[in-house]
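Novice: Below are the C-alpha coordinates for one structure; questions will follow.
The values are calculated or read from the model by the stated rules, or taken from the named source; none is laboratory data. Just so we're clear, the structure is a prediction, and the values are computed from it rather than from any experiment. Reconstructed Cβ throughout: ideal geometry from the backbone, glycine too, with neighbour counts over all protein chains shown. SASA here: full protein model, heavy atoms, side chains in, ligands and nucleic acids out. Shrake-Rupley method; radii C 1.70, N 1.55, O 1.52, S 1.80 Å.
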Amino acid sequence: MDILIFLIRLLFSALLYVFLGALFFLLWRDIKLAARHQITPAIRERPGQVRVLRGHNGFDEGAVLRLAPFTTIGRSDTNTITISDPYASSEHALLSWRSGQWWLEDRDSRNGTLLNDLPVETPLIIGHGDVIGIGQMQLKFEYCDLVGTEITPELIHPNREESHGLALEK
(Lines give C-alpha, C1' and ligand atoms only; values in the text may rest on other atoms or scores of the structure.)
Protein backbone atom coordinates (compact mmCIF):
# COMPACT_ATOMS: atom_id res chain seq x y z
CA MET A 1 0.00 0.00 0.00
CA ASP A 2 2.86 2.42 0.82
CA ILE A 3 4.45 1.77 -2.57
CA LEU A 4 1.14 2.55 -4.35
CA ILE A 5 0.79 5.89 -2.51
CA PHE A 6 4.44 6.69 -3.30
CA LEU A 7 3.88 5.97 -7.03
CA ILE A 8 0.72 8.12 -7.09
CA ARG A 9 2.67 10.99 -5.50
CA LEU A 10 5.44 10.58 -8.09
CA LEU A 11 2.84 10.59 -10.88
CA PHE A 12 1.17 13.79 -9.59
CA SER A 13 4.57 15.44 -9.11
CA ALA A 14 5.53 14.57 -12.68
CA LEU A 15 2.19 15.89 -13.97
CA LEU A 16 2.72 19.13 -12.03
CA TYR A 17 6.19 19.60 -13.57
CA VAL A 18 4.83 18.89 -17.06
CA PHE A 19 2.05 21.43 -16.53
CA LEU A 20 4.49 24.10 -15.26
CA GLY A 21 6.88 23.37 -18.15
CA ALA A 22 4.07 23.75 -20.70
CA LEU A 23 2.93 26.99 -19.05
CA PHE A 24 6.44 28.51 -19.17
CA PHE A 25 6.87 27.34 -22.78
CA LEU A 26 3.62 29.06 -23.83
CA LEU A 27 4.57 32.28 -22.03
CA TRP A 28 8.03 32.27 -23.64
CA ARG A 29 6.48 31.70 -27.09
CA ASP A 30 3.99 34.57 -26.61
CA ILE A 31 6.77 36.94 -25.54
CA LYS A 32 8.83 36.05 -28.62
CA LEU A 33 5.78 36.51 -30.88
CA ALA A 34 5.02 39.90 -29.35
CA ALA A 35 8.64 40.99 -29.86
CA ARG A 36 8.59 39.85 -33.48
CA HIS A 37 5.23 41.48 -34.32
CA GLN A 38 5.79 44.75 -32.56
CA ILE A 39 2.65 45.96 -30.89
CA THR A 40 1.21 49.18 -32.33
CA PRO A 41 2.47 52.10 -30.25
CA ALA A 42 -0.01 54.17 -28.29
CA ILE A 43 -1.47 57.17 -30.07
CA ARG A 44 0.89 60.07 -29.62
CA GLU A 45 -0.28 63.40 -28.38
CA ARG A 46 -1.34 65.78 -31.11
CA PRO A 47 -0.20 69.25 -30.01
CA GLY A 48 -2.99 71.74 -29.54
CA GLN A 49 -3.27 75.44 -28.85
CA VAL A 50 -5.95 78.02 -28.25
CA ARG A 51 -6.06 81.38 -30.01
CA VAL A 52 -7.73 84.26 -28.16
CA LEU A 53 -10.65 85.54 -30.25
CA ARG A 54 -12.02 87.88 -27.60
CA GLY A 55 -9.56 88.76 -24.86
CA HIS A 56 -9.98 89.96 -21.33
CA ASN A 57 -7.54 91.34 -18.72
CA GLY A 58 -4.12 90.78 -20.25
CA PHE A 59 -5.00 88.48 -23.10
CA ASP A 60 -4.81 90.29 -26.42
CA GLU A 61 -6.87 89.15 -29.38
CA GLY A 62 -4.85 86.79 -31.55
CA ALA A 63 -2.59 85.64 -28.71
CA VAL A 64 -1.73 81.94 -28.90
CA LEU A 65 -1.54 79.72 -25.82
CA ARG A 66 -0.02 76.25 -26.10
CA LEU A 67 -1.88 73.43 -24.38
CA ALA A 68 -0.32 70.88 -22.06
CA PRO A 69 -1.83 67.35 -22.12
CA PHE A 70 -3.75 68.38 -19.00
CA THR A 71 -4.65 72.10 -19.10
CA THR A 72 -6.89 73.78 -16.55
CA ILE A 73 -8.40 77.23 -17.10
CA GLY A 74 -9.77 79.51 -14.38
CA ARG A 75 -9.15 82.39 -11.98
CA SER A 76 -7.03 80.47 -9.47
CA ASP A 77 -3.23 80.71 -9.69
CA THR A 78 -3.05 76.91 -9.63
CA ASN A 79 -4.51 76.69 -13.16
CA THR A 80 -2.36 76.19 -16.23
CA ILE A 81 -4.04 79.21 -17.85
CA THR A 82 -5.01 81.85 -15.30
CA ILE A 83 -7.64 84.38 -16.35
CA SER A 84 -8.83 87.26 -14.21
CA ASP A 85 -12.40 87.37 -15.44
CA PRO A 86 -15.15 88.01 -12.88
CA TYR A 87 -17.44 85.64 -14.80
CA ALA A 88 -14.94 82.75 -14.63
CA SER A 89 -14.80 80.31 -11.72
CA SER A 90 -11.59 79.58 -9.86
CA GLU A 91 -11.36 76.21 -11.64
CA HIS A 92 -13.57 76.75 -14.67
CA ALA A 93 -12.68 74.28 -17.44
CA LEU A 94 -10.34 71.43 -18.30
CA LEU A 95 -8.76 70.64 -21.68
CA SER A 96 -7.13 67.21 -21.73
CA TRP A 97 -5.60 64.77 -24.19
CA ARG A 98 -7.23 61.36 -23.66
CA SER A 99 -7.63 58.31 -25.89
CA GLY A 100 -6.17 60.09 -28.91
CA GLN A 101 -8.55 63.08 -28.70
CA TRP A 102 -8.68 66.51 -27.09
CA TRP A 103 -11.53 66.76 -24.57
CA LEU A 104 -13.24 69.80 -23.03
CA GLU A 105 -14.86 69.51 -19.63
CA ASP A 106 -16.66 72.06 -17.49
CA ARG A 107 -15.47 71.88 -13.87
CA ASP A 108 -18.88 72.69 -12.33
CA SER A 109 -18.36 76.39 -12.97
CA ARG A 110 -21.00 78.86 -11.88
CA ASN A 111 -21.54 80.44 -15.33
CA GLY A 112 -20.74 77.36 -17.40
CA THR A 113 -18.43 76.69 -20.31
CA LEU A 114 -19.58 77.06 -23.91
CA LEU A 115 -18.47 75.09 -26.95
CA ASN A 116 -19.56 76.74 -30.20
CA ASP A 117 -22.15 78.74 -28.19
CA LEU A 118 -23.66 75.59 -26.63
CA PRO A 119 -23.28 74.74 -22.92
CA VAL A 120 -20.87 71.95 -22.02
CA GLU A 121 -22.68 69.56 -19.66
CA THR A 122 -20.54 66.44 -20.10
CA PRO A 123 -16.95 66.00 -21.31
CA LEU A 124 -16.89 66.56 -25.08
CA ILE A 125 -14.38 65.84 -27.84
CA ILE A 126 -13.26 69.06 -29.51
CA GLY A 127 -11.81 69.61 -32.97
CA HIS A 128 -9.89 72.15 -35.00
CA GLY A 129 -11.74 75.46 -35.16
CA ASP A 130 -14.10 74.89 -32.21
CA VAL A 131 -14.73 78.02 -30.14
CA ILE A 132 -14.61 77.75 -26.34
CA GLY A 133 -16.37 80.37 -24.23
CA ILE A 134 -15.18 80.95 -20.66
CA GLY A 135 -16.59 84.01 -18.94
CA GLN A 136 -16.10 86.93 -21.32
CA MET A 137 -13.25 85.21 -23.18
CA GLN A 138 -13.53 83.28 -26.41
CA LEU A 139 -10.78 80.85 -27.37
CA LYS A 140 -10.46 79.04 -30.70
CA PHE A 141 -9.02 75.53 -30.45
CA GLU A 142 -6.45 74.62 -33.11
CA TYR A 143 -4.21 71.65 -33.84
CA CYS A 144 -0.68 72.99 -34.19
CA ASP A 145 0.01 70.86 -37.28
CA LEU A 146 -3.02 72.30 -39.10
CA VAL A 147 -2.07 75.91 -38.43
CA GLY A 148 1.23 75.75 -40.30
CA THR A 149 4.16 75.03 -38.07
CA GLU A 150 3.98 73.76 -34.55
CA ILE A 151 4.57 76.45 -31.98
CA THR A 152 7.65 75.56 -29.98
CA PRO A 153 9.67 77.75 -27.59
CA GLU A 154 12.25 78.32 -30.36
CA LEU A 155 9.59 79.62 -32.78
CA ILE A 156 7.90 82.01 -30.36
CA HIS A 157 8.94 85.61 -30.86
CA PRO A 158 11.76 86.84 -28.62
CA ASN A 159 9.56 89.64 -27.24
CA ARG A 160 7.17 87.16 -25.65
CA GLU A 161 5.89 87.52 -22.13
CA GLU A 162 5.80 84.67 -19.66
CA SER A 163 2.23 85.23 -18.60
CA HIS A 164 -0.51 83.15 -17.06
CA GLY A 165 1.67 80.03 -16.79
CA LEU A 166 2.18 79.66 -20.57
CA ALA A 167 4.13 81.38 -23.31
CA LEU A 168 2.07 84.18 -24.75
CA GLU A 169 2.82 85.16 -28.34
CA LYS A 170 2.33 88.83 -29.27
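Novice: Multiply the residue gap between residue 19 and residue 77 by 0.36 nm, knock off their C-alpha separation, and tell me the result in nm, one decimal place.
Specialist: On the way: separation 58, 0.36 × 58 = 20.88 nm, distance 5.99 nm.
Stretched fully, the residue 19-residue 77 segment lengthens by 14.9 nm.
Novice: Using the basic label-point model (7 angstrom from Cα toward the beta carbon), what is the residue 98 to residue 118 distance in nanometres?
Specialist: Rounded to a tenth, the inter-label distance reads 1.9 nm.
Novice: Residues of segment 60-127: accessible area per residue at 1.4 Å, in Å²? Don't jump to the answer; show the numbers that get you there.
Specialist: Details: 3490 Å² over 68 residues.
The answer is 51 Å² per residue.
Novice: Quick one: with all protein chains in place, what share of the accessible area of segment 61-135 is carbon or sulfur, to the nearest percent (1.4 Å probe)? Provide the component values of the computation, followed by the final result.
Specialist: Details: 1770 of 3640 Å².
The nonpolar share, carbon plus sulfur, comes to 49 percent.
Novice: If you don't mind, another one. Karplus couplings for segment 96-108 from phi (6.51 cos²θ - 1.76 cosθ + 1.60, θ = phi - 60°), rounded to Hz, Gly and Pro as x?
Specialist: 9, 9, 9, 6, x, 9, 8, 10, 10, 9, 7, 9, 6
Novice: On to the next question. Hey, can you rank 117-128, 25-36, 132-143 by average C-beta count inside 10 Å, highest first? Provide the component values of the computation, followed by the final result.
Specialist: Working: 117-128: 12.6, 25-36: 9.6, 132-143: 20.5.
Order by mean packing, descending: 132-143, 117-128, 25-36.
Novice: Decide, for segment 1-126, between rounded, prolate and oblate: order the square roots of the alpha carbon gyration tensor eigenvalues as a ≥ b ≥ c, take rounded if a/c falls under 1.5, and otherwise choose prolate if a/b is larger than b/c, else oblate. The partial results should precede the final answer.
Specialist: Details: a/c = 5.24, a/b = 3.30, b/c = 1.59.
Prolate shape, in that a/c is at least 1.5 and a/b is the bigger ratio.
Novice: Using a simple spin-label model with points 7 Å from Cα along the Cα→Cβ vector, what separation in nm is obtained for residue 1 and residue 68?
Specialist: Result for the modelled spin labels: 7.5 nm.
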